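First up is the structure itself, then whatever we jot down about it.
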Amino acid sequence: MATAAQQPTKPWHLEQPSRGGPERKHTRDLGEAEFIVSQAYLPHRVLRTAAGEIDMELVGARIGEVTAGLLSYGQTIHLQTADSTQFHVNVTLEGRAASRSGNEDPLMTTCGQAVVFPVGEPAQLTWSANARHLCLMASRASLEGELEQLLGRSLPKRLTFEQAVRTEVSHEWQPAIELVRQELENPKGLLTRPVVARHLEGLLVDGLLLTQPHNYQELLHRAAAPGRAGAIARAAELMEELPSEPWTVISLAQRVHLSVRALQYGFKRDFQMPPMAYLKRIRLRLAHAALSASSPEITTVRAIAVECGFLHMSRFADMYRQAFGEPPSRTLSRRQ
(Lines give C-alpha, C1' and ligand atoms only; values in the text may rest on other atoms or scores of the structure.)
Protein backbone atom coordinates (compact mmCIF):
# COMPACT_ATOMS: atom_id res chain seq x y z
CA MET A 1 0.00 0.00 0.00
CA ALA A 2 1.01 3.63 -0.17
CA THR A 3 4.01 5.01 1.66
CA ALA A 4 2.18 8.34 1.80
CA ALA A 5 1.24 8.01 5.45
CA GLN A 6 4.87 7.50 6.47
CA GLN A 7 7.38 10.27 7.12
CA PRO A 8 9.99 10.21 4.32
CA THR A 9 13.53 9.42 5.39
CA LYS A 10 15.20 12.04 3.17
CA PRO A 11 14.39 15.75 3.04
CA TRP A 12 12.83 17.19 -0.10
CA HIS A 13 13.86 20.42 -1.76
CA LEU A 14 11.74 23.28 -0.42
CA GLU A 15 11.60 26.90 -1.45
CA GLN A 16 9.39 29.00 0.82
CA PRO A 17 8.81 32.73 0.32
CA SER A 18 9.57 35.04 3.21
CA ARG A 19 6.19 36.84 3.29
CA GLY A 20 3.77 33.95 2.96
CA GLY A 21 2.14 33.18 -0.35
CA PRO A 22 2.97 30.16 -2.53
CA GLU A 23 5.20 27.35 -1.28
CA ARG A 24 7.34 25.38 -3.76
CA LYS A 25 8.27 21.74 -3.13
CA HIS A 26 10.39 19.61 -5.43
CA THR A 27 11.66 16.03 -5.22
CA ARG A 28 12.94 13.15 -7.35
CA ASP A 29 12.07 10.55 -4.71
CA LEU A 30 8.82 8.65 -5.15
CA GLY A 31 8.10 8.22 -1.44
CA GLU A 32 8.71 11.89 -0.77
CA ALA A 33 6.40 12.84 -3.65
CA GLU A 34 3.61 10.73 -2.17
CA PHE A 35 4.12 12.32 1.23
CA ILE A 36 4.19 15.91 -0.06
CA VAL A 37 1.07 15.63 -2.20
CA SER A 38 -0.79 13.61 0.46
CA GLN A 39 -0.09 16.31 3.03
CA ALA A 40 -1.48 18.97 0.69
CA TYR A 41 -4.51 17.03 -0.61
CA LEU A 42 -5.34 13.42 0.33
CA PRO A 43 -3.62 10.03 0.76
CA HIS A 44 -2.73 8.27 -2.48
CA ARG A 45 -0.31 5.94 -4.22
CA VAL A 46 1.98 6.91 -7.08
CA LEU A 47 2.78 4.12 -9.58
CA ARG A 48 5.42 4.92 -12.15
CA THR A 49 4.55 3.75 -15.66
CA ALA A 50 7.70 4.99 -17.41
CA ALA A 51 11.40 4.35 -16.85
CA GLY A 52 13.52 6.82 -14.91
CA GLU A 53 13.02 8.84 -11.76
CA ILE A 54 10.20 11.30 -11.24
CA ASP A 55 10.69 15.06 -11.16
CA MET A 56 7.77 16.16 -9.00
CA GLU A 57 7.04 19.82 -8.35
CA LEU A 58 4.15 21.24 -6.35
CA VAL A 59 3.67 24.99 -6.05
CA GLY A 60 0.79 25.45 -3.65
CA ALA A 61 -1.01 27.92 -1.43
CA ARG A 62 -4.07 28.22 0.76
CA ILE A 63 -6.42 30.78 -0.76
CA GLY A 64 -8.96 31.28 2.00
CA GLU A 65 -10.68 27.89 2.36
CA VAL A 66 -9.40 26.66 -1.02
CA THR A 67 -6.17 24.71 -1.51
CA ALA A 68 -4.64 25.49 -4.90
CA GLY A 69 -1.51 23.99 -6.41
CA LEU A 70 0.37 23.58 -9.67
CA LEU A 71 1.41 19.93 -9.81
CA SER A 72 3.61 18.00 -12.26
CA TYR A 73 5.62 14.76 -12.08
CA GLY A 74 8.00 14.98 -15.06
CA GLN A 75 7.12 11.52 -16.37
CA THR A 76 4.08 9.37 -17.11
CA ILE A 77 2.52 8.31 -13.82
CA HIS A 78 -0.55 6.61 -12.46
CA LEU A 79 -2.20 7.85 -9.24
CA GLN A 80 -4.69 6.06 -7.05
CA THR A 81 -6.28 8.08 -4.24
CA ALA A 82 -8.15 7.20 -1.08
CA ASP A 83 -11.81 8.18 -0.70
CA SER A 84 -12.07 11.94 -0.78
CA THR A 85 -13.68 13.89 2.05
CA GLN A 86 -13.60 17.17 0.08
CA PHE A 87 -14.39 18.36 -3.42
CA HIS A 88 -11.45 18.22 -5.84
CA VAL A 89 -11.07 19.86 -9.24
CA ASN A 90 -8.20 19.21 -11.63
CA VAL A 91 -7.69 21.70 -14.46
CA THR A 92 -5.33 20.41 -17.15
CA LEU A 93 -2.89 23.18 -18.06
CA GLU A 94 -0.40 21.16 -20.12
CA GLY A 95 -0.23 17.61 -21.45
CA ARG A 96 -2.97 14.99 -21.16
CA ALA A 97 -4.73 13.11 -18.38
CA ALA A 98 -7.16 10.24 -17.91
CA SER A 99 -9.31 10.60 -14.78
CA ARG A 100 -11.67 8.06 -13.28
CA SER A 101 -13.90 8.43 -10.21
CA GLY A 102 -15.29 5.34 -8.53
CA ASN A 103 -16.55 2.90 -11.16
CA GLU A 104 -17.12 5.51 -13.85
CA ASP A 105 -15.38 5.33 -17.22
CA PRO A 106 -12.11 7.30 -17.53
CA LEU A 107 -12.36 10.86 -18.86
CA MET A 108 -9.60 12.20 -21.11
CA THR A 109 -8.62 15.86 -20.64
CA THR A 110 -6.24 18.18 -22.44
CA CYS A 111 -5.29 21.83 -21.98
CA GLY A 112 -8.22 23.98 -20.85
CA GLN A 113 -10.43 21.13 -19.61
CA ALA A 114 -11.43 20.36 -16.03
CA VAL A 115 -12.69 17.38 -14.04
CA VAL A 116 -14.66 17.75 -10.78
CA PHE A 117 -14.36 14.74 -8.46
CA PRO A 118 -17.26 13.98 -6.09
CA VAL A 119 -16.88 13.56 -2.36
CA GLY A 120 -16.67 10.01 -1.02
CA GLU A 121 -15.17 8.31 -4.07
CA PRO A 122 -11.59 7.20 -4.76
CA ALA A 123 -10.01 8.33 -8.01
CA GLN A 124 -7.57 6.85 -10.50
CA LEU A 125 -5.49 9.24 -12.60
CA THR A 126 -2.97 8.75 -15.39
CA TRP A 127 -0.91 11.78 -16.45
CA SER A 128 1.37 12.13 -19.45
CA ALA A 129 5.04 12.97 -18.87
CA ASN A 130 4.50 16.63 -19.77
CA ALA A 131 1.25 17.02 -17.80
CA ARG A 132 0.77 19.93 -15.43
CA HIS A 133 -2.43 20.56 -13.53
CA LEU A 134 -4.00 23.20 -11.35
CA CYS A 135 -5.39 21.12 -8.49
CA LEU A 136 -8.10 22.73 -6.36
CA MET A 137 -9.60 21.38 -3.15
CA ALA A 138 -12.49 22.85 -1.16
CA SER A 139 -14.55 21.57 1.74
CA ARG A 140 -18.22 20.73 1.49
CA ALA A 141 -19.04 23.39 4.10
CA SER A 142 -17.36 26.18 2.14
CA LEU A 143 -19.00 25.27 -1.18
CA GLU A 144 -22.45 24.74 0.30
CA GLY A 145 -22.21 28.00 2.22
CA GLU A 146 -21.42 29.88 -0.98
CA LEU A 147 -24.17 28.05 -2.86
CA GLU A 148 -26.73 29.09 -0.24
CA GLN A 149 -25.67 32.69 -0.79
CA LEU A 150 -26.06 32.27 -4.55
CA LEU A 151 -29.54 30.83 -4.17
CA GLY A 152 -30.61 33.06 -1.31
CA ARG A 153 -31.95 30.08 0.64
CA SER A 154 -30.80 27.06 2.63
CA LEU A 155 -30.11 23.80 0.80
CA PRO A 156 -32.74 21.06 1.22
CA LYS A 157 -30.21 18.46 0.04
CA ARG A 158 -26.45 18.21 0.04
CA LEU A 159 -24.47 19.56 -2.90
CA THR A 160 -23.36 16.72 -5.17
CA PHE A 161 -21.29 16.50 -8.29
CA GLU A 162 -22.81 13.08 -8.92
CA GLN A 163 -19.96 11.78 -11.06
CA ALA A 164 -16.71 13.01 -12.50
CA VAL A 165 -17.64 15.33 -15.38
CA ARG A 166 -15.22 16.69 -17.96
CA THR A 167 -15.96 20.28 -18.95
CA GLU A 168 -14.26 23.04 -20.86
CA VAL A 169 -13.09 25.85 -18.59
CA SER A 170 -15.65 28.51 -19.50
CA HIS A 171 -14.80 32.07 -20.44
CA GLU A 172 -16.45 33.12 -17.16
CA TRP A 173 -14.08 31.02 -15.04
CA GLN A 174 -10.94 31.22 -17.20
CA PRO A 175 -9.73 34.63 -15.89
CA ALA A 176 -9.78 33.36 -12.29
CA ILE A 177 -7.97 30.13 -13.26
CA GLU A 178 -5.31 32.04 -15.19
CA LEU A 179 -4.85 34.57 -12.40
CA VAL A 180 -4.35 31.83 -9.79
CA ARG A 181 -1.85 30.09 -12.05
CA GLN A 182 0.03 33.34 -12.58
CA GLU A 183 0.17 34.22 -8.89
CA LEU A 184 1.19 30.73 -7.78
CA GLU A 185 4.26 31.15 -9.98
CA ASN A 186 5.10 34.47 -8.32
CA PRO A 187 6.40 33.96 -4.74
CA LYS A 188 6.16 37.68 -3.96
CA GLY A 189 2.95 38.38 -5.81
CA LEU A 190 -0.62 39.15 -4.87
CA LEU A 191 -1.21 36.01 -2.81
CA THR A 192 0.90 37.57 -0.05
CA ARG A 193 -1.91 40.11 0.44
CA PRO A 194 -4.84 38.75 2.52
CA VAL A 195 -7.44 40.98 0.87
CA VAL A 196 -6.41 39.73 -2.58
CA ALA A 197 -6.46 36.11 -1.41
CA ARG A 198 -10.06 36.58 -0.21
CA HIS A 199 -10.98 38.02 -3.58
CA LEU A 200 -9.39 35.12 -5.44
CA GLU A 201 -11.17 32.62 -3.19
CA GLY A 202 -14.51 34.18 -4.12
CA LEU A 203 -13.69 34.11 -7.83
CA LEU A 204 -12.65 30.45 -7.70
CA VAL A 205 -15.63 29.23 -5.68
CA ASP A 206 -18.21 31.34 -7.53
CA GLY A 207 -16.80 30.23 -10.88
CA LEU A 208 -16.91 26.58 -9.85
CA LEU A 209 -20.52 26.75 -8.69
CA LEU A 210 -21.75 28.86 -11.59
CA THR A 211 -20.05 26.95 -14.42
CA GLN A 212 -19.65 23.30 -13.37
CA PRO A 213 -22.61 20.85 -13.43
CA HIS A 214 -24.14 19.89 -10.08
CA ASN A 215 -27.55 19.03 -8.65
CA TYR A 216 -28.49 22.71 -8.08
CA GLN A 217 -27.46 23.88 -11.54
CA GLU A 218 -30.99 24.21 -12.91
CA LEU A 219 -32.23 26.07 -9.84
CA LEU A 220 -29.17 28.31 -9.89
CA HIS A 221 -29.87 29.47 -13.42
CA ARG A 222 -33.65 29.69 -13.12
CA ALA A 223 -35.10 33.11 -13.83
CA ALA A 224 -35.69 35.35 -10.83
CA ALA A 225 -37.57 38.59 -10.37
CA PRO A 226 -35.29 41.66 -10.40
CA GLY A 227 -34.42 43.09 -7.00
CA ARG A 228 -36.28 46.15 -5.79
CA ALA A 229 -34.88 49.45 -6.98
CA GLY A 230 -33.78 50.58 -3.50
CA ALA A 231 -31.66 47.46 -2.95
CA ILE A 232 -30.05 47.79 -6.38
CA ALA A 233 -29.24 51.45 -5.73
CA ARG A 234 -27.69 50.53 -2.38
CA ALA A 235 -25.53 47.89 -4.07
CA ALA A 236 -24.29 50.52 -6.51
CA GLU A 237 -23.56 52.88 -3.60
CA LEU A 238 -21.55 50.21 -1.80
CA MET A 239 -19.33 49.70 -4.82
CA GLU A 240 -18.85 53.45 -5.17
CA GLU A 241 -17.97 53.77 -1.47
CA LEU A 242 -15.68 50.70 -1.33
CA PRO A 243 -14.41 50.10 -4.87
CA SER A 244 -11.29 48.17 -3.83
CA GLU A 245 -13.28 45.76 -1.62
CA PRO A 246 -12.99 42.18 -2.98
CA TRP A 247 -16.60 42.18 -4.16
CA THR A 248 -18.18 39.16 -5.79
CA VAL A 249 -21.80 38.84 -6.88
CA ILE A 250 -22.37 36.68 -3.80
CA SER A 251 -20.89 39.08 -1.25
CA LEU A 252 -22.66 42.07 -2.83
CA ALA A 253 -26.02 40.28 -2.95
CA GLN A 254 -25.60 39.28 0.68
CA ARG A 255 -24.98 42.87 1.77
CA VAL A 256 -28.24 44.10 0.20
CA HIS A 257 -30.28 41.00 1.15
CA LEU A 258 -30.99 39.80 -2.38
CA SER A 259 -30.38 36.55 -4.21
CA VAL A 260 -27.62 36.67 -6.80
CA ARG A 261 -30.09 36.33 -9.66
CA ALA A 262 -32.27 39.16 -8.32
CA LEU A 263 -29.17 41.34 -8.07
CA GLN A 264 -28.08 40.53 -11.61
CA TYR A 265 -31.51 41.13 -13.11
CA GLY A 266 -31.88 44.35 -11.14
CA PHE A 267 -28.59 45.73 -12.50
CA LYS A 268 -29.59 44.75 -16.01
CA ARG A 269 -32.88 46.61 -15.54
CA ASP A 270 -31.44 49.74 -13.90
CA PHE A 271 -27.94 50.02 -15.41
CA GLN A 272 -28.06 47.82 -18.50
CA MET A 273 -25.00 45.87 -17.33
CA PRO A 274 -24.05 43.17 -14.79
CA PRO A 275 -22.97 44.31 -11.30
CA MET A 276 -19.32 43.31 -11.85
CA ALA A 277 -19.20 45.31 -15.09
CA TYR A 278 -20.53 48.30 -13.13
CA LEU A 279 -17.76 47.77 -10.57
CA LYS A 280 -15.09 47.63 -13.29
CA ARG A 281 -16.35 50.95 -14.65
CA ILE A 282 -15.96 52.52 -11.19
CA ARG A 283 -12.47 51.10 -10.77
CA LEU A 284 -11.37 52.23 -14.22
CA ARG A 285 -12.49 55.77 -13.44
CA LEU A 286 -10.53 55.73 -10.18
CA ALA A 287 -7.46 54.25 -11.84
CA HIS A 288 -7.53 56.93 -14.54
CA ALA A 289 -7.76 59.69 -11.93
CA ALA A 290 -4.91 58.20 -9.89
CA LEU A 291 -2.66 57.70 -12.92
CA SER A 292 -3.37 61.23 -14.14
CA ALA A 293 -2.41 62.70 -10.78
CA SER A 294 0.67 60.55 -10.12
CA SER A 295 4.26 60.43 -11.29
CA PRO A 296 6.23 57.36 -12.47
CA GLU A 297 8.97 58.49 -10.09
CA ILE A 298 6.84 57.62 -7.05
CA THR A 299 4.49 54.83 -8.20
CA THR A 300 3.82 52.25 -10.90
CA VAL A 301 0.86 51.23 -13.04
CA ARG A 302 0.70 47.90 -11.22
CA ALA A 303 0.59 49.54 -7.79
CA ILE A 304 -2.27 51.82 -8.79
CA ALA A 305 -4.16 49.01 -10.52
CA VAL A 306 -3.98 46.76 -7.46
CA GLU A 307 -4.99 49.64 -5.19
CA CYS A 308 -8.08 50.14 -7.34
CA GLY A 309 -9.00 46.45 -7.22
CA PHE A 310 -7.53 45.13 -10.48
CA LEU A 311 -5.55 41.90 -10.12
CA HIS A 312 -4.93 40.82 -13.70
CA MET A 313 -2.57 43.37 -15.27
CA SER A 314 -3.00 42.44 -18.95
CA ARG A 315 -6.79 42.51 -18.66
CA PHE A 316 -6.59 45.83 -16.82
CA ALA A 317 -4.41 47.30 -19.57
CA ASP A 318 -6.82 46.12 -22.28
CA MET A 319 -9.88 47.55 -20.50
CA TYR A 320 -8.08 50.81 -19.75
CA ARG A 321 -7.04 51.24 -23.38
CA GLN A 322 -10.60 50.60 -24.56
CA ALA A 323 -12.02 53.09 -22.05
CA PHE A 324 -9.50 55.94 -22.43
CA GLY A 325 -7.84 55.40 -25.80
CA GLU A 326 -4.29 54.92 -24.46
CA PRO A 327 -2.36 52.46 -22.29
CA PRO A 328 -2.18 53.25 -18.57
CA SER A 329 1.60 53.70 -18.76
CA ARG A 330 1.13 56.64 -21.12
CA THR A 331 -1.30 58.34 -18.74
CA LEU A 332 1.20 57.95 -15.92
CA SER A 333 4.20 59.12 -17.94
CA ARG A 334 2.36 62.24 -19.14
CA ARG A 335 2.36 63.54 -15.57
CA GLN A 336 6.16 63.41 -15.55
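The values are calculated or read from the model by the stated rules, or taken from the named source; none is laboratory data. Remember, predicted model here, so these are calculated numbers, not experimental data. Positions of Cβ are backbone-derived with ideal geometry, glycine not excepted, and every protein chain shown enters the neighbour counts.
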Within region 290-336, the residues that are of a type in the set (A, V, I, L, M, F, W, C), surrounded by 14 or more Cβ atoms within 10 Å (Cβ to Cβ) and over 15 Å from Q182 (Cβ atoms) are A290, L291, V301, I304, C308, M319, A323, F324, L332
Restricting attention to region 98-107, does a residue exist that is surrounded by fewer than 19 Cβ atoms within 10 Å (Cβ to Cβ), among the small types (G, A, S), under 20 Å from G60 (Cα atoms) and touching a residue at least 60 places away in the same chain (Cβ under 8 Å)?
-> no
For region 153-166, name all the residues that are touching a strand residue (DSSP E or B) at 6+ places or on another chain (Cβ under 9 Å) and at pLDDT 80 or above.
-> L159, F161
Within region 299-314, residues being in contact with a Pro (Cβ under 9 Å, 6 or more places away or on another chain) and without any contact (Cβ under 8 Å) to a residue 60 or more places away in the chain number 3
Among the residues of region 80-98, is any farther than 25 Å from V205 by Cβ, in contact with a Leu (Cβ under 9 Å, 6 or more places away or on another chain) and not in a strand (DSSP E or B)?
-> no
Give the number of residues within region 203-223 that are over 17 Å from G21 (Cβ atoms), in a helix (DSSP H, G or I) and touching a residue at least 60 places away in the same chain (Cβ under 8 Å).
-> 7
Residues R255, R283: which one is basic (K, R) and touching a Leu at 6+ places or on another chain (Cβ under 8 Å)?
-> R255
Exclusive hit being in a loop (DSSP other than H, G, I, E, B), under 26 Å from R100 (Cα atoms), touching a residue at least 12 places away in the same chain (Cβ under 8 Å) and not hydrophobic (A, V, I, L, M, F, W, C), set R158, R166 = R158
Failed criterion for I250 (all others in (1) hydrophobic (A, V, I, L, M, F, W, C); (2) over 26 Å from L219 (Cα atoms); (3) under 23 Å from the mean Cα position of the chain (by Cα) hold) | (2)
